[in-house]
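Asks: The structure that follows is given in the form of structure tokens.
The values are calculated or read from the model by the stated rules, or taken from the named source; none is laboratory data. Just so it is clear, the structure is predicted and the values come from calculations on it, not from any experiment. Because the Cβ atoms are built from the backbone with ideal geometry, glycine has one as well, and the counts that use them run over all protein chains shown. Each accessible area value is taken on the protein alone, full model and side chains, heavy atoms only, with ligands, DNA and RNA left out. Shrake-Rupley method; radii C 1.70, N 1.55, O 1.52, S 1.80 Å.
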Amino acid sequence: MDFTVKHSLPGRIRIRYNKSKISRRQAALAQSLLSVQEGMTNITVNYTTGSFLIYYDSKSLSEKHIKAFLMALSDKYLKNQEMLEAVDEPQEQESLVFNLACMTVWHYFKQLLPLPVRIVLRVWSLGPRILKGVEQIANGNVFKSEVLDAAAISMALITGDTKTASNINFLLNIGDTIEDFTKKKSYSDLANRLLSQNDQVQLVEMGADGKVTEKSVPLSVVKKGDMVAVRTGNVIPVDGEVIRGEGLVNQASITGEPLAVEKRDGTSVFAGTVVQEGELFIEVRAVGSQTKVQNILTMIDNSQALKVSSQVRSEHLADSLVKYNFLLSLGVFLFTRNLTKVMATLMVDYSCAMKLASPIAVLSAMKEAAENGIIVKGGKFLEDASLADTVVFDKTGTLTAATPQLSRIITFGNHSENEVLATAACLEEHFAHPIATAVVHAAAERGLLHPEEHAKVEYIVAHGIATTLGGKKLVIGSRHFIFDDEKVGEPAELDVIQKEAIQNGESLLYLAEEKNLIGIFAINDPVRKNAPAIIKKLHQSGVRNCVMITGDDEGAARNAAKITKIDHYISRALPEDKFKYIEEQKKLGHKVIMIGDGINDAPALAAADTGIAMGDCADITGETADIILSAEDGLEGLFKTRVLGTRLIEKIDTNNRGIVAVNTTFMLLGLFGIISPSVAAILHNASTIAFSVNAMKPVLDDAR
């Protein structure tokens, strides 16, 4: 690949390539191939100027390494048809200025053409606008902006003022073009922002020696024919076929079926579905990046149906005000008989600005949320979050830090601490839960090896894990699971250990072998540093009841509640307990937010008015949630979400009041003959653009 270095600093380099030799799709492929190299942090491509902007880890790479990577991108890769088909064709950026300039030139150039040609072109351009109005009337929709536009143009033609009719149509076309561009840009900006999330997948590779390895890579580099591994609780990132493994897959996002479907060798799976239980090795049939794009666009399309009440009120108000336009125009005609004044009042309506500014405000709020690492699946959920008076928190991984620590180990029988820790880590490493992670990290810190010698593990939601090792049954999990469900014998000192844990605010994890307890793990899960401040802010913003519901023991729950100053807590709760509590609160008339991170939180998230997942949540939890917070921001994102929803509603309502005031002024100016119909159209379009621009303004600058 031919290139030149235009600018270079440690960790950052700009490369210029030859656009005449490298196509846009080849540049996109090069971007994907470079991004999987170790040490690359971010790569962007400017297809217009023909350049790469590359950020890299200067501790592991240098400019010399970057040049070597680029030189290795030969025709073997850049002209490989299969690899090229695996990347999306970059789209040309639409230029609003260019489109408007072309429309303006054509409008005035037509006036130089012979009269017969001008007549044909006039019919061609004015006809569709008039037919739209006729169509609305035929469908019974008399009070629509399309009918207003058709009436103004028809009135100009009836009076023989074809120049005014053409000018009005030209200005309406200008307005339509700007509105379409503004909507598309808002839509595109949001999609691009959501797609910038660097999703990782487990790519399975077969080495030359036959050894199978896995590595985490960005979804964008996965191509047709690759193999990916997906395990319990994770979203399937691609369309493909299972070639090894078996599992239960929840396909509700595709088929709407509530029950999971068994998948095994030879069956098809689809991107966006969730492995509820098991392990699948999937051969990619449709490129991961394409399925991700489609999922994002589908989400945004669906979000348009989840409108905030202010947006719905805007649309209803806009339609209801059209009748007053007609009544005013009729009154002007009856009292003045001046068709010019009638046209001026018809050229101004409220619906254009209201129906454009409101959805743009919602898309802008969703984009602003994404810029803060918060994924919102519809404007309705922002509004619901802002109006909620009850917030239900999960404890572990939500109110507490995402990295709980193993504080101590109590062993029984002849087992050593290292022995029971290695065994527990072997079981827990399969599951992305904070307590499981604490056990695995503790084993890693001690340098303990735990080879995969056990049978397939079975995960019992909110209880624990069961498997066999060396012909013996192993179970690990909560007190209820171990002693009540599995009937493991209780050691004499158990009550003392549990009382001590309560005093220390520790959670206990129990490990048993063949009905005998062999180890207890005390987990110290510190409360997030900003949790008390966030709960205080929520109270100040109007939340009356902050509740923590956790499966942890009483001591750990009470300790966390005391530190966070939460209003109420429930300990030793099962997933159905969270679900029932939320249903009860909703029946009492409360608007409820549920926030959690684990697989067992999914039912409660679905039941709440607004389900919010922490950024480092299990994939199935993220799929269920209405809003997903930033992993870096943690609970701060919850308050930002509430502020964003409140200010979104205020922005829509303020815009609507301004639209009514401004356009009423334009109508009065036309009524008194101060402005002509053409000027009224220009001012109307200009105000619509102004309100749309205002709708795009960010609102979270001071939300701290």
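Asks: For region 636-669, what are the residues that are more than 21 Å from residue 320 (Cβ to Cβ), touching a residue at least 12 places away in the same chain (Cβ under 8 Å) and not aliphatic (A, V, I, L, M)?
Replies: Of everything in region 636-669, those that are more than 21 Å from residue 320 (Cβ to Cβ), touching a residue at least 12 places away in the same chain (Cβ under 8 Å) and not aliphatic (A, V, I, L, M) turn out to be 636, 637, 639, 640, 641, 642, 645, 646, 647, 651.
For every residue, the table says whether it meets (1) over 18 Å from residue 219 (Cα atoms); (2) β-branched (Val, Ile, Thr); (3) modelled with pLDDT of 80 or more; (4) more than 33 Å from the chain's Cα centre (by Cα).
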{"position": "4", "(1), (2), (3), (4)": "yes, yes, yes, yes"}
{"position": "8", "(1), (2), (3), (4)": "yes, no, yes, yes"}
{"position": "36", "(1), (2), (3), (4)": "no, yes, no, no"}
{"position": "45", "(1), (2), (3), (4)": "no, yes, yes, no"}
{"position": "105", "(1), (2), (3), (4)": "yes, yes, yes, yes"}
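Asks: Still on this structure: Among the numbered criteria (1) free of Cβ contacts under 8 Å to residues at least 40 places away in the same chain; (2) assigned to a loop (DSSP other than H, G, I, E, B), which one does residue 109 miss?
Replies: (2)
Asks: Show the residue pairs meeting these rules: Cβ distance below 9 Å; 6+ apart or different chains; first residue within region 464-489 and touching a residue at least 24 places away in the same chain (Cβ under 8 Å) and within 19 Å of residue 412 (Cα to Cα); second residue part of a strand (DSSP E or B) and among the acidic types (Asp, Glu).
Replies: 469/513; 472/513; 473/513; 474/513; 475/513
Asks: Return yes when residue 583 is acidic (Asp, Glu), at pLDDT 85 or above and either over 16 Å from residue 376 (Cβ atoms) or crowded, with 18+ Cβ neighbours inside 10 Å (or both) and no when it is not.
Replies: yes
Asks: Restricting attention to region 640-654, does a residue exist that is modelled with pLDDT of 80 or more, more than 30 Å from residue 540 (Cα to Cα) and out of contact with any Gly (no Cβ under 9 Å at 6 or more places or on another chain)?
Replies: No, region 640-654 contains no residue that is modelled with pLDDT of 80 or more, more than 30 Å from residue 540 (Cα to Cα) and out of contact with any Gly (no Cβ under 9 Å at 6 or more places or on another chain).
Asks: Further question: Could you list all residues from region 481-499 that are open to solvent by 80 Å² or more (accessible area, probe 1.4 Å) and either small (Gly, Ala, Ser) or closer than 28 Å to residue 559 by Cα (or both)?
Replies: Hits for region 481-499 are 490, 492, 493, 495, 496, 499.
Asks: Tally up the residues in region 19-47 that are open to solvent by 60 Å² or more (accessible area, probe 1.4 Å) and over 18 Å from residue 87 (Cβ atoms), please.
Replies: Residues in region 19-47 being open to solvent by 60 Å² or more (accessible area, probe 1.4 Å) and over 18 Å from residue 87 (Cβ atoms): 3 in total.
Asks: Now for a different question. Considering only residues that are polar (S, T, N, Q) and part of a helix (DSSP H, G or I), which ones fall in region 649-687?
Replies: 654, 655, 656, 663, 664, 665, 678, 685, 687
Asks: Among the residues of region 690-704, write down those that are in a helix (DSSP H, G or I) and either surrounded by fewer than 18 Cβ atoms within 10 Å (Cβ to Cβ) or small (Gly, Ala, Ser) (or both).
Replies: 690, 692, 693, 694, 695
Asks: I'm trying to understand the selection: among the residues of region 263-277, which are among the small types (Gly, Ala, Ser) and crowded, with 20+ Cβ neighbours inside 10 Å?
Replies: 271, 272
Asks: Now for a separate question. Of the residues that make up region 626-641, is at least one under 20 Å from the mean Cα position of the chain (by Cα), more than 30 Å from residue 551 (Cα to Cα) and open to solvent by less than 10 Å² (accessible area, probe 1.4 Å)?
Replies: No, region 626-641 has no match at all.
Asks: State yes or no: is residue 615 in contact (Cβ under 8 Å) with a residue 24 or more places away in the chain and not hydroxyl-bearing (Ser, Thr, Tyr)?
Replies: Yes: the conditions hold for residue 615.
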